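A short worksheet on the structure shown next.
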Amino acid sequence: MIRQTFYLSILLSFLLVTACSSNDDPGDIIVDDPSPALYFPPLTSASWETVSPEELGWNTNETTALQTLLEEKGTKAFIILKNGKIAMETYFGTFTRDSIWYWASAGKTLTAFTVGIAQENNLLNINDLSSQYLGEGWTSAEPEKENAITIRDQLTMTTGLNELFFDCVTPDCLRYTADAGTRWAYHNGPYTLLESVVSAAAGTTFSDYFNTELRNKIGMNGIWLSTNGKNNVYFSNARSMARFGLLNLNGGSWENTVVLEDMNYMTSMRNSSQAINLSYGYLWWLNGKESYMVPGSQVRFNGYLIPNAPPNTYAGLGKNDQKLYIVPDQELVIVRMGEDAGEDQAGPSSFDNELWGILKDLIGY
């Protein structure tokens with residue numbers, strides 16, 4: 001794995017928007033008014049205010065069980081933010097606060113956010129045809145089928161293209177299986193091409209646009225790198241992932257800097273994006289829905305995605321159990337980076353529920 005260290009300034013301060021669940025569906029995330037309780041770490045130093053689990057009234061008897069689980073499952077970094085302050089921060093082995101690790105598919109959430117910024121900047125509309133930015137013949141589908149695919153379909157995993165060619169982005173791999181919008185399938189190929197959509201719309205590279213419009217504004221470090229020559233993966237330290245989580249917890253603003261103002265997009269991003277897999281938004285995984293689907297399967301399972309987690313939890317979930325959880329009603333951001341915890345799969349795994357079984361007893365929600 002790539003283990004370089006990237007240093008960028010650590011961005012500051014405080015402005016807020018909390019999200020709460022609706023009365024009709026406990027899993028719905030609705031952007032609400034700013035909450036003065038949130039703290040943001042400063043721009044000009046590496047300091048980050050802390051709050052102890054004891055001060056929060058958490059059940060510290062569960063701390064040992066949590067640390068044991070994390071270590072046994074190959075964790076490298078684990079952070080809990082409560083109201084923006086660090087309540088727990090643990091690194092394992094030789095991994096440190098400055099060590100770099102990959103987000104895997106948890107980084108899809110960065111892409112979704114960046115697409116929202118591009119739309120807000122009037123560079124694109126997610127209802128636009130993908131071929132408007134990718135050109136005709138970006139798939140091997142018949143023209144009328146290809147021209148039914150929109151940016152929204154790429155964001156929601158409903159392009160209808162065959163996911164068996166999972167990472168491939170060339171037309172010969174992007175084969176028609178179903179009409180756009182009628183089938184949900186977790187597929188890296190169309191997702192990866194969202195970078196090309198943004199690049200064409202913005203007239204610059206995706207990385208440059210992302211760095212200018214998102215990364216640099218919240219003090220993240222990190223870089224997009226290809227690990228297989230086909231799709232890019234984001235690498236950063238764990239605190240950078242926590243910063244992005246805090247930005248989302250706060251509804252898209254960081255102190256006096258509005259990174260994404262479009263509350264309609266923010267709300268849609270963190271709620272069911274289609275009626276096929278209710279537990280999937282715009283590249284975010286959603287808890288609290290009545291059913292869910294998982295990568296590599298067309299089976300719809302009844303129940304919550306992560307039964308032990310609060311219903312309105314939403315998450316970036318990546319291969320080998322890279323995790324970014326956001327819990328609006330608890331004002332929590334939780335980060336886990338590390339090795340595979342046991343199932344070697346993208347998206348949700350049993351580790352999510354096992355971890356939240358302990359967190360539930362620790363935090364006491």
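Being outside any loop (DSSP other than H, G, I, E, B), at pLDDT 95 or above, on the phi < 0 side of the Ramachandran plot and among the small types (G, A, S) is the filter here; which residues of the stretch 306-365 pass it?
Hits for the stretch 306-365 are A315, G316, G318, G357.
Identify the residue in the stretch 57-95 that is hydroxyl-bearing (S, T, Y) and within 29 Å of P42 (Cβ to Cβ) and, among all such residues, is nearest to the chain's Cα centre (by Cα). Steps first, answer last, please.
Going residue by residue through the stretch 57-95, those that are hydroxyl-bearing (S, T, Y) are 60, 63-64, 68, 75, 90-91, 94.
So of that shortlist, the ones also within 29 Å of P42 (Cβ to Cβ) come out as 60, 63, 75, 90-91, 94.
Numbers: T60: 28, T63: 26, T75: 18, T90: 21, Y91: 21, T94: 26 Å.
Looking at residues that are hydroxyl-bearing (S, T, Y) and within 29 Å of P42 (Cβ to Cβ), I get T75.
Restricting attention to the stretch 57-67, which residues are in contact with a helix residue (DSSP H, G or I) (Cβ under 8 Å, 6 or more places away or on another chain) and not β-branched (V, I, T)?
Correct list: W58, N59, E62, A65, L66.
Given the criterion of a type in the set (A, V, I, L, M), part of a loop (DSSP other than H, G, I, E, B), buried (at least 21 other Cβ atoms within 10 Å of the Cβ) and within 18 Å of the chain's Cα centre (by Cα), identify the matching residue among M241, M220. Break it down into steps so the answer makes sense when it comes.
Numbers: M241 fails: part of a loop (DSSP other than H, G, I, E, B).
Testing whether each residue is of a type in the set (A, V, I, L, M), part of a loop (DSSP other than H, G, I, E, B), buried (at least 21 other Cβ atoms within 10 Å of the Cβ) and within 18 Å of the chain's Cα centre (by Cα) leaves just M220.
Would you be able to tell me the number of residues in the stretch 223-238 that are touching a helix residue (DSSP H, G or I) at 6+ places or on another chain (Cβ under 8 Å) and part of a loop (DSSP other than H, G, I, E, B)? Show your work before the answer.
Keep residues of the stretch 223-238 that are touching a helix residue (DSSP H, G or I) at 6+ places or on another chain (Cβ under 8 Å), which gives 223-224, 230-234.
Cutting the leftovers down to part of a loop (DSSP other than H, G, I, E, B) gives us 230-231.
The number of residues fulfilling the criteria is 2.
Please work out if Q154 is part of a helix (DSSP H, G or I), within 23 Å of the chain's Cα centre (by Cα), of a type in the set (S, T, N, Q) and buried (at least 16 other Cβ atoms within 10 Å of the Cβ).
Working: part of a helix (DSSP H, G or I): yes; within 23 Å of the chain's Cα centre (by Cα): yes; of a type in the set (S, T, N, Q): yes; buried (at least 16 other Cβ atoms within 10 Å of the Cβ): yes.
So Q154 fits the description; yes.
Quick check on my filter: what residues within the stretch 164-192 are part of a loop (DSSP other than H, G, I, E, B), buried (at least 21 other Cβ atoms within 10 Å of the Cβ) and out of contact with any Asp or Glu (no Cβ under 7 Å at 6 or more places or on another chain)?
Narrowing the stretch 164-192 to residues part of a loop (DSSP other than H, G, I, E, B): 164-175, 177-187.
Still in the running and buried (at least 21 other Cβ atoms within 10 Å of the Cβ): 174, 180, 184-185, 187.
L174, W184 - these are the residues of the stretch 164-192 that are part of a loop (DSSP other than H, G, I, E, B), buried (at least 21 other Cβ atoms within 10 Å of the Cβ) and out of contact with any Asp or Glu (no Cβ under 7 Å at 6 or more places or on another chain).
Could you list, in sequence order, all residues of the stretch 164-190 that are among the charged types (D, E, K, R) and in contact (Cβ under 8 Å) with a residue 40 or more places away in the chain? Steps first, answer last, please.
If we filter the stretch 164-190 for residues that are among the charged types (D, E, K, R), which is where we start, we get 167, 172, 175, 179, 183.
Across the stretch 164-190, the qualifying residues are D167, R183.
Among the residues of the stretch 238-279, which ones are out of contact with any Lys or Arg (no Cβ under 8 Å at 6 or more places or on another chain) and modelled with pLDDT under 95?
Correct list: E255, N256.
Given the conditions (1) hydroxyl-bearing (S, T, Y); (2) more than 24 Å from N121 (Cα to Cα); (3) surrounded by fewer than 21 Cβ atoms within 10 Å (Cβ to Cβ), report the number of the one that S279 does not fulfil.
Unmet condition: (3).
Pairs needed: first member in the stretch 284-297, over 17 Å from Y191 (Cβ atoms) and of a type in the set (K, R); second member anywhere, assigned to a loop (DSSP other than H, G, I, E, B) and at pLDDT 95 or above; C-beta distance under 8 Å; at least 6 residues apart or different chains.
From the stretch 284-297, the pairs are K289/S272; K289/L278; K289/S279; K289/Y304; K289/L305.
Could you check the stretch 96-116 and list, in sequence order, the residues that are more than 12 Å from the chain's Cα centre (by Cα), in a loop (DSSP other than H, G, I, E, B) and touching a residue at least 40 places away in the same chain (Cβ under 8 Å)?
Applying the first criterion (more than 12 Å from the chain's Cα centre (by Cα)) to the stretch 96-116 yields 96-102, 115-116.
Narrowing the set further to residues that are in a loop (DSSP other than H, G, I, E, B) leaves 96-100.
Across the stretch 96-116, the qualifying residues are R97, D98, S99, I100.
The values are calculated or read from the model by the stated rules, or taken from the named source; none is laboratory data. Everything quoted here is computed from the prediction, not taken from an experiment. Every residue, glycine among them, receives a Cβ derived from its backbone with ideal geometry; neighbour counts consider all protein chains shown.
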